[in-house]
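The values are calculated or read from the model by the stated rules, or taken from the named source; none is laboratory data. Worth saying up front: this structure is predicted, and the values here are computed from it rather than measured. Here the Cβ positions follow ideal geometry from the backbone for every residue, glycine too, while neighbour counts run over all protein chains shown. Remember, those area values only see protein heavy atoms, side chains included, never the ligands or the DNA or RNA. Shrake-Rupley method; radii C 1.70, N 1.55, O 1.52, S 1.80 Å.
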Amino acid sequence: MYQQIIANPIPNLPQEVTRLNEALEAIRAGYHAGNEPLLSLPSARDDLTAIRTLADHLRENFSDVVILGTGGSSLGAQALTALKGLQLSRDEAVTRLHFPDNLGSHSMETFLRDLNLRRTHFVVISKSGGTAETLAQFIACFSAMRLRLTRRDLPQHFTLIVEPGDNPLRRFAKRWKLTVHDHDPKLGGRYSVFSLVGMLPAMIADLDAVAVREGAEHVLLQAVNARRSHEVPAAVGAGLIYALKATRDININVLMPYDGRLERFAAWYQQLWAESVGKNGRGTTPVRALGPVDQHSQLQLFLDGPADKFFTIITTDQSGEGPVIDSALADDPDLGYLAGRTIGDLVTAEGLATIAALKARGCPIRHIQLKQINERTLGALMMHFMLETVIGAHLFEVNAYDQPAVELGKQLTREYLKAGRGPLAIDSDAAVKVVH
């Protein structure tokens, strides 16, 4: 399904082999216990019928579906639906998906103005039911819809996904009689892509959700059934990242796919690793890049800057794919190497060239090769990196499933907004003040 090749490595620290095995044993125990949704969802199929019914209803009745969520409530679905490419069709028979996950005053106004709101459905995702950015977007969208629809018609345009219990989103849903689906309270947002959170947008995009989970299940079972840690690619990756940090202070992980369809996947990985492993002064920093475009921005730094990076390059075989470069138009002597080649040939060659250049510089590098990118391979990649993250957190001795440091920012945001009713501004010493 995919092949992982390590170049310029250093040996794992001998004492860490035991800890890798401990992490894998914990994964096996969780899998066999059947009470950890991250490990049980890949083999689940019964829930997909209801999700398909909902997805079909939205596809048949709305021209646009807006996913309101941020972080793990949005990035996994973005990574999956990117398989369909940019949805630029203006044909209202084709349902378009939108992910306005970065809150902004001007962008939100433009976004709402450009939608045909009477033909739009909003899927609101917040595990806690109290995510400020998501609730602000939701209420803004709800207000816009109230100007166009009767109270009786409003519920047809909203679907909410939130964990059970008393929270602001559920209270809002009860007041306005909106449809609510449960977000599993045991499943953190950044690990939720195989649940309703990721599968609903995937099905709206007409992706094969079964194939996504089958790919994930293949990788998970390989890890569960392996006898030694070196037989598990995710364990090898986590062990190498930890060992490079411990022995050479290589504290940056660069993920660089050479396929535009994996750009959102790289963003999903960045959040997954950063929020899971970066704690208590430990962990490493994930950086995303995209080939070949970042050859013209970051590659100079990667090759000739500080030797503090571990590289993961993902390539797909695009040879022979895409438009052909017309030999008659590429008849300049300096363009002969392009004549008759396809765009895919060029991208494939550039990916291999970057790998060779990094190797020549002695950079620690992992090459993940995909013969093709589809639902099954993407599900496999996502399971690989979630396992790698969980194992990595074990090695760095942190909790993979919490994010305690971000709570301070949330608390301060609430305090700043409560400080007064006027507009906020930042003064010269970075203290927040209210402008009256």
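I'd like the residue in the range 150-164 that is under 16 Å from Arg175 (Cβ atoms) and aliphatic (A, V, I, L, M) and, out of all such residues, is surrounded by the most Cβ atoms within 10 Å (Cβ to Cβ).
My answer is Val162.
I need a count of the residues in the range 29-50 that are over 18 Å from Glu214 (Cα atoms) and open to solvent by 40 Å² or more (accessible area, probe 1.4 Å).
4
Leu290 passes all but one of (1) part of a loop (DSSP other than H, G, I, E, B); (2) open to solvent by 40 Å² or more (accessible area, probe 1.4 Å); (3) not β-branched (Val, Ile, Thr); which number fails?
(2)
Which members of the range 375-420 meet the condition of being closer than 18 Å to Gly71 by Cβ, among the polar types (S, T, N, Q) and open to solvent by less than 40 Å² (accessible area, probe 1.4 Å)?
Correct list: Thr389 only.
With the condition kept exactly as written, say whether any residue in the range 300-312 is open to solvent by 10 Å² or more (accessible area, probe 1.4 Å) and β-branched (Val, Ile, Thr).
The answer is no, given that none of the residues of the range 300-312 is open to solvent by 10 Å² or more (accessible area, probe 1.4 Å) and β-branched (Val, Ile, Thr).
Give the residue, chosen from Thr49, Thr53, Thr110, Thr81, that is of a type in the set (Ser, Thr, Tyr), in a helix (DSSP H, G or I) and within 17 Å of the chain's Cα centre (by Cα).
Within the list Thr49, Thr53, Thr110, Thr81, the selection yields Thr81.
Phe311 is checked against (1) farther than 15 Å from Met256 by Cβ; (2) touching a Leu at 6+ places or on another chain (Cβ under 6 Å); (3) not in a loop (DSSP other than H, G, I, E, B) and fails just one. What number does that condition carry?
(1)
Look at the range 243-262 and say how many of its residues are in a helix (DSSP H, G or I), in contact with a strand residue (DSSP E or B) (Cβ under 7 Å, 6 or more places away or on another chain) and either open to solvent by 10 Å² or more (accessible area, probe 1.4 Å) or under 22 Å from Val17 (Cβ atoms) (or both).
So the count comes out to 1.
Does the range 105-149 hold any residues that are surrounded by 15 or more Cβ atoms within 10 Å (Cβ to Cβ) and among the hydroxyl-bearing types (Ser, Thr, Tyr), and which are they?
Thr120, Ser126, Ser128, Thr131, Thr134
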